[in-house]
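Comments concern the structure below.
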Amino acid sequence: MTGRRCDILVPGEPGGGTALVLDAPISFWGGVDPENGVIADVRHPQHGCCIAGSVLFLSGTIGSSSASSVLLELVRNGKAPAALVLHEPDAILLLGLIVAREMGWPPPIAIRLNREHFSDYCNARVNVSRDGVVELTR
Amino acid sequence: MALVLDDGERRLLDGGAGAAMAMRIVVDAARLLGAERLVPIASAHIDGALYHGDSGTLFAERLVAGGARVSVRATLNVGALDLTGCSSVRLDKRKSVMARRMMTAYRALGCETSWTCAPYQATHRPAFGTDVAWGESNAVAFCNSVLGARTNRYGDFLDIACAITGRAPLTGLHLAQNRLATVLVDLSGLPAGFLASDIAWPVLGSLYGRLVGNAVGVVTGIGVRPGEDALKAFGAAAASTGAVGLFHMAGVTPEAPTVAAALGHLPPRETIRVTEEMVRDAQSRLSTAERPDRVDAVAIGSPHLSAGEFETLDRLIAGRRLSVPLYACTGRHALGAIDASGMRKRLEAAGVTIVADTCVVVTPILAEAPGGVLMTNSGKFAHYAPGNTGYAVLFGSLAECVESAVTGRPAIGAPS
């Protein structure tokens, strides 16, 4: 499959890693440990998985307005996803990336992709380029 | 359409370092949201002063160093410390120092030291129809739904950036057409006894959030008119399980004098008739503890307890001594009232730990108890406690919570 060009939601560092496609919406606050990136919500189907260094595919987010703080903290701790792929823009979450840039901590890129394509990437090695192209890698 | 800024807004971008940074954040958020203009705001409620790690402290201190000040009334949501000294927080020394620095920085930006997730019960009640920028999901739901002021769900950083600039992206729930309900949630099939019970609203809120997600719904068929504390519990639970920023209740909330008005006189996109089975399922999902034979702690007050809720607690305890700790989370607004009446002394003598300025789910206050069981009457605590505290949760009514705190065993079925 060739690369797919996506809209860039927040410009940032390009990145590659294993695609982690979340099966259910997640609340970052209370749902992800800001120190290590592990999914802490016991009710989430991927409880215990680690989002650090992954290419994280989010079909939706829920809950607390502190998601941006958790994402900023993950960026500063070096535990953020390598790239974020969202079905739709989530201003609360993505603000964490905008503030990271303001603080001088290089954020990962965030792009927009319709969730119907998410299954093309599940658990594969994926790269997201600086210009928003997502593709499978070997 | 690209975002258009007026002269005043452009001047802020070239102003002091702190205000300019705040304006860049507002502008970036506006572009992300597809807004074409910014809208002046009347007030803000700031969720950003809760310590999640050093990055948030450094951000606030960067704004202070840049000379930023809020330009509108701005109340503060909970912090990570109990500055009143009512309860002790088990943050380690380093984190405690950083959390205090963060709280100090937000005060230096000109925010009010309200430290509550229920600012709407602490005199901060924006007028119907005004634009505001509020953070904290339950406060947002209450502000939009019960007060009829207009706010989106402002995340950390954007809330303070809006408060400094006095502007917010004109989009989402600031626009009248986006405030109309598209989903009808009909409760008329539920027994009147359930609707009148005190678990009804947190359970229904939790169900509602899962059913509607980020859509706007109108609830009908409610029978007994819920009071303000019930609406608070409903909104908090709904905003925990779904991205609920605004709900309507026909005949109760100000933008829903009738079902038809809430729907903008259009047919609903979806109608959900809530059944007893759906309610039973929603209620059982609020508990994660499987057939517990003991309760290690009880936590209430998410959102923060009002003075009226303290009166109910005091009446239910009825002078008895608790055998397990009961944490009652509140803000300074209610603390003053219960201090003055002598109730605080009485509750503390019974074994209640009052927690002010913060709460047991956002900062370590509960004893470390691997495998411990926490009982609560809050849909929001029930949702977040397992991930944030490590306790398994048992959900029940306030009366059941109090009886369990007295006996140390789950007292499900205690009369209220």
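The values are calculated or read from the model by the stated rules, or taken from the named source; none is laboratory data. Note that this is a predicted model, so its numbers are computed, not measured. Cβ atoms come from the backbone with ideal geometry, glycine included; neighbour counts cover every protein chain shown.
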Here are the criteria: (1) surrounded by fewer than 20 Cβ atoms within 10 Å (Cβ to Cβ); (2) out of contact with any strand residue (DSSP E or B) (no Cβ under 6 Å at 6 or more places or on another chain); (3) not hydrophobic (A, V, I, L, M, F, W, C). Tell me which single one B:Asp28 does not satisfy. (1)
(1) more than 14 Å from chain A (Cβ to nearest Cβ); (2) at pLDDT below 95; (3) not in a loop (DSSP other than H, G, I, E, B): which one isn't true of B:Arg107, the others all being true? (2)
Residue under evaluation B:Ala399, criteria (1) within 14 Å of chain A (Cβ to nearest Cβ); (2) farther than 20 Å from B:Ser87 by Cβ, criterion not met: (1)
Within segment B:358-370, residues being touching a helix residue (DSSP H, G or I) at 6+ places or on another chain (Cβ under 7 Å) and more than 14 Å from every other protein chain (Cβ to nearest Cβ) number 1
Are any of the residues in segment B:364-373 surrounded by fewer than 18 Cβ atoms within 10 Å (Cβ to Cβ), part of a helix (DSSP H, G or I) and out of contact with any Leu (no Cβ under 6 Å at 6 or more places or on another chain)? no
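I'd like the full set of residues that are within 11 Å of chain A (Cβ to nearest Cβ) and either among the aliphatic types (A, V, I, L, M) or surrounded by fewer than 24 Cβ atoms within 10 Å (Cβ to Cβ) (or both), limited to segment B:142-167. Reasoning before the result, please.
Start the filter on segment B:142-167 by keeping residues that are within 11 Å of chain A (Cβ to nearest Cβ), which leaves B:151-161.
Scanning segment B:142-167 gives B:Leu158, B:Ile160, B:Ala161.
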Residue in segment B:259-272 that is over 22 Å from the mean Cα position of the chain (by Cα), acidic (Asp, Glu) and in the same structural domain as B:Arg210 (by TED's automatic domain parsing) present: yes
Do the conditions hold for B:Ser96, that is, is it over 20 Å from the mean Cα position of the chain (by Cα), more than 14 Å from chain A (Cβ to nearest Cβ), surrounded by fewer than 17 Cβ atoms within 10 Å (Cβ to Cβ) and modelled with pLDDT under 95? no
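Closer than 16 Å to B:Leu158 by Cα and either assigned to a strand (DSSP E or B) or of a type outside the set (A, V, I, L, M, F, W, C) (or both), is that true of B:Thr75? Write out each step before concluding.
Details: closer than 16 Å to B:Leu158 by Cα: yes; either assigned to a strand (DSSP E or B) or of a type outside the set (A, V, I, L, M, F, W, C) (or both): yes.
Yes; evaluated as a whole, the condition is true for this residue.
Mind checking which strands (runs of 3 or more DSSP E) fall wholly inside segment B:249-358 and carry at least 3 residues that are farther than 26 Å from B:His124 by Cβ? Give the steps one after another, and end with the answer.
On the way: elements: B:270-273, B:297-305, B:326-330, B:352-356.
Ranges flagged: B:270-273.
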